[in-house]
Every structure is written in C-alpha cells, then in structure tokens.
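Readers should treat all values here as calculations from the given coordinates under stated rules, not as data from a laboratory. Since this is a predicted model, take the numbers as computed values, not measurements. Neighbour counts run over all protein chains shown; Cβ positions are idealised from the backbone, glycine included.
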Amino acid sequence: MPGLVIEREILIEAPAEVVWRTITEPAQMSHWFADRVDLVVEPGAHGYMEFGDQGGPVVVEIVDPPTRFSFRWNYPHGEEPVAGNSMLVEFTLTPVGDERTHVRVSESGHELRDWPDAERQRYADEHLDGWVDFLERLARVSAELRSG
Amino acid sequence: MTARADDELWSAIGDPSRRRVLDLLVGKGGVSASWLAGHVPFSRQAVSKHLVVLEKAGLISRRRQGREVLYQVEADRLDQAARAMTDIAAQWDQRLGAIKRLAEAAHAETQRKRYLED
C-alpha cells in the first residue's frame, strides 16, 4: 500500500504467546498504548481508546495469534476508521527459538485516495523508497537550508 | 501522549508522487510548474494538484517572477515535518520498549511460579 509507513522493531526475551497477550489484551494495552482501551480483540470489532481527556474509535482488522494483530485508528478524530481516513497499525511477531520473540510494528496511513488505481499502483511501484529515507533527506536538507 | 504530525502535513508527505515533487523542489528551488512537469512521470495537471496540497501544508511557497510563478521549499516547515516524523517513530520505540518490559516481567513471573511448583 502506498503512503507513509513507519516501521520499528524490537527483540523480546519472552515466548511469542506471552508477548501476544501483552500486545492484545486490553488491560495490558492500557500499560503501553492508551490510558484506557475498550476493545474486543476480534476481527471487525469496534472499540475506543482514550488518551488523557481525548480519545478515538478503533477497528480491529487481523487477529491471528500469536503472530499477527492489526487495527485501524484515526485518533484524535471521531470518524469511523476505514481505509483512507485512518492509520493502520500492524504487529508481526516472529518466534526466535523458544524463549525469544522478534516484534515488528508498522504504522501506515493516508493512501492516495484521489488517484485512479492503476496510476496509484504505478507510482507506488516507482517510488518504493520508504519514508525513513525521505525523512533523513528532509532532515539533512532542512539542516543545510538553515546553515545556508 | 500522542503528539502527531498534523493531518495536512502527514498526508502531504504520505503521497509518494508528492514526495517526488518535493524532492525536486528541494534539489532545485525556485522552479515553475512546467519545469516540474518535465521532470516527473505524471501530468502537468497532477503536478498542479500536488503543488496546491504542498502549499496548503506549508511545505512550499510560491513567488511571482515576471510572467512565471516559481515554487520553493519552506525550510522551517520542512524541519518541523522531519521532527514530527521522528516523534512518531520515537513513540513507537517507547511503546515497544514498554511491551518488552511487560512481556519479560510476565514471563519471569511465570518461570518463577513454575520453579516454585517443581
């Protein structure tokens, strides 16, 4: 999917099943994500996340224990999160031996909604450079522009 | 807390073809829409649309020079964009760090109980 993608990874010294519970159980989610999570972890389930005095709706997409979990959110707006108005957060858990788990999270957003599909796909194929490269370039260029 | 890039900025940079336009502007500075259209694989009309979005997001500005309108990047806003994106990545690093601590603590607790039971 074209658009901005942020990807981060971490290696955790615990089995995938344990990490899975930490990531998906609403009570646990409130320790690492939102202040309050009201969510049933089932594909298509609608929930709500609160951050301080703000919050927003969440829709669960993929639940495939203990390896894949994804949801859409469009905090801080109140609209129903669907493709095109929201961020898709995807967790991928990969067991490393019996005791460790590699976790990758990606957050992607805002597709090219104004474009016909064929064009969209072509541009996506042509510009697979990730946002991180772009970010680095931006940071470099803005530093140069400043000092110049 | 969830400081995030504002929507206009996010969606302006989120589009690969707009990044292409922005890239060209960063490299050249002060160029016309026609010049840009000659350097991207999409139409002049598409270039114009992208310029409007980028300008609305404050990433570029225009100035008139004779009969031409020239576009250039806005360094401050670009810098702000870069920092906003870094913040989002840093937030995920923090969240992953918290998940790691929670999962490892839960795992250690399970191990301890198992050890006591044995």
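In this structure, the amide hydrogen of B:GLU74, modeled 1.01 Å from its nitrogen in the peptide plane, lies closer than 5 angstrom to those of B:ILE60, B:SER61, counting only residues at least 5 positions away or on a different chain. Using equal-weight Cα scatterers in the Debye expression, the normalised intensity of region B:7-117 in log10 at q = 0.09, 0.16 Å⁻¹ is -0.39, -0.74. Averaged over peptide B:86-97, the number of partner chain Cβ atoms lying within 10 Å of each residue's Cβ comes to 5. Of the residues B:ALA89, B:ALA46, B:LEU9, the one whose Cα sits farthest towards the positive end of the charge dipole of region B:7-117 is B:ALA46 (charges of +1 on Lys and Arg Cβ, -1 on Asp and Glu Cβ, taken about the Cα centre). Take each residue of peptide B:18-26, count the partner chain Cβ atoms within 10 Å of its Cβ, and average: the result is 4. Applying 0.36 nm per residue to the separation of B:GLU68 and B:SER32 and subtracting their alpha-carbon distance, the gain on full extension is 12.3 nm.
Averaged over the residues of A:6-19, the number of partner chain Cβ atoms lying within 10 Å of the residue Cβ comes to 5. Label zone of A:GLU9 (point 7 Å out along Cα→Cβ, amide N under 19 Å): in region B:94-111 this covers B:94-101. Ignoring lysines fewer than eight residues from B:LYS28 along the same chain, the ones with Cα atoms less than 27 angstrom from its Cα are B:LYS49, B:LYS56.
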